[in-house]
Amino acid sequence: MLFEFLKQNHECKHTHIPLDADEAYCPDCGALVHNKWYIIRCSCCNIKRSSHLEYNEIKPDTKYCQNCGGTDFYIQKFDKINLTDINYAILKKEVISQKRVYSKQIWIEKEEQLLAENKIIGYLI
Ligand SMILES: [Zn+2]
Ligand SMILES: [Zn+2]
């Protein structure tokens, strides 16, 4: 049973979550997933370097910076990505814990209630 669960969790890549969403429920496995974007920049000349994921770690595609020949780099993290950066950015889909899923649902319900109340007030006026 637990093995089945882990297997399912491992297999879902959450591919149907829209790239422009901050966070969304995966339609395939039901997990609340947060889109996180990462860009690698050269520590020396600050240019954006193309990168890839290797065993869930972000690594530059090439050993040396094509602009200055440096090897040092740093990783910038973004909640949202600019379209101009999308070619350099690496997307990691982080599953948010079950506890936060629960509180998020409550929050949405409250907001919908407030919206409904506002609508009623709007109609009365
Ligand atoms: Zn999923
Ligand atoms: Zn450089």
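Since every read-out is calculated from the coordinates, none of them should be taken as a lab result. Bear in mind that the values here come from a model prediction, so they are computed numbers and not experimental data.
For the stretch 52-65, what does the Karplus curve 6.51 cos²θ - 1.76 cosθ + 1.60, with θ = phi - 60°, yield as ³J(HN,Hα) per residue in whole Hz, taken in order and with x for Gly and Pro?
The phi angles translate into 8, 9, 10, 6, 6, 10, 8, 10, x, 5, 10, 6, 10, 5 Hz.
Just subtract the alpha-carbon distance of Thr84 and Ser50 from 0.36 nm times their residue separation and send over the number in nm, one decimal.
Gain on stretching Thr84 to Ser50: 10.9 nm.
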